[in-house]
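Shown next, in structure tokens, is the structure this report addresses.
The values are calculated or read from the model by the stated rules, or taken from the named source; none is laboratory data. In this text, all values refer to a predicted model and were calculated from it rather than measured experimentally. Neighbour counts are summed over all protein chains in view; Cβ atoms, including those assigned to glycine, are modelled from backbone coordinates with ideal geometry.
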Amino acid sequence: MAVYKNRVAQPVRIHTAGAIVDGLLTLGLGQRTLDELNLDSRPMLVLQEPALQAGSMSLTGGSIGINKTAIIMGLEVPAIGAALARQGHEEEPLRTARALVRLHMATGISIEGSIVASPGTDVMRRLNQTGRRFIAVTSAALRGPGLDGATPFVGVNMGHLLAVEVLLAIEAALEEAADEGAHGVAAAR
């Protein structure tokens, strides 16, 4: 990710039904990829330096606008054209509730990773909230046709989601208590 005076250029990989395109997504400082995906006032996701990774689309350089309704998912990648990691990414311990989930996409792709939830709210309730087209999945492992890798972030279009399995729910209070207990044991030695 390149940082400029008041902007950030985040390399992303955008999956649609007919193509996979890498490019640089320009974000404001403090803005996240998910924020731009969910911004309804801009129906097109604009990428600089687009590079076709799969599919059939004639790209001549410059920039490309991809209709957000056509996006199945958007991944943050280390660089344009970079291969996905083969192993899952480990997150730092979070101070929020989250769930480990498996998402089944209409395209045959499955995604395993974490979804953050408000304390006391289960993930299914969060997924049923209206107003957000994309949901963030972190520490994601992706499997499917032509896809086998991991990424720290993927924004998943809810319109292409077939089913969600909750594999494990983690409450923030339990994780904080476990961290405190571990520090107490280390201090006692």
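Observations on the structure shown:
- Given (1) buried (at least 17 other Cβ atoms within 10 Å of the Cβ); (2) modelled with pLDDT under 90, number of the condition G131 does not satisfy: (1)
- Selected residue (criterion: surrounded by the most Cβ atoms within 10 Å (Cβ to Cβ)) from residues of the range 1-10 that are in contact with a strand residue (DSSP E or B) (Cβ under 6 Å, 6 or more places away or on another chain) and not β-branched (V, I, T): Q10
- Looking only at the range 9-52, residues that are over 12 Å from I66 (Cα atoms) and either within 17 Å of the chain's Cα centre (by Cα) or of a type in the set (D, E, K, R) (or both) come to 18 in all.
- Those strands (runs of 3 or more DSSP E) lying entirely in the range 12-92 with at least 3 residues assigned by TED's automatic domain parsing to the domain that holds S114, loosely packed, with under 13 Cβ neighbours inside 10 Å and touching a Leu at 6+ places or on another chain (Cβ under 8 Å): none
- The residues in the range 145-189 that are modelled with pLDDT of 90 or more, among the hydrophobic types (A, V, I, L, M, F, W, C) and surrounded by fewer than 17 Cβ atoms within 10 Å (Cβ to Cβ) can be counted, and the count is 3.
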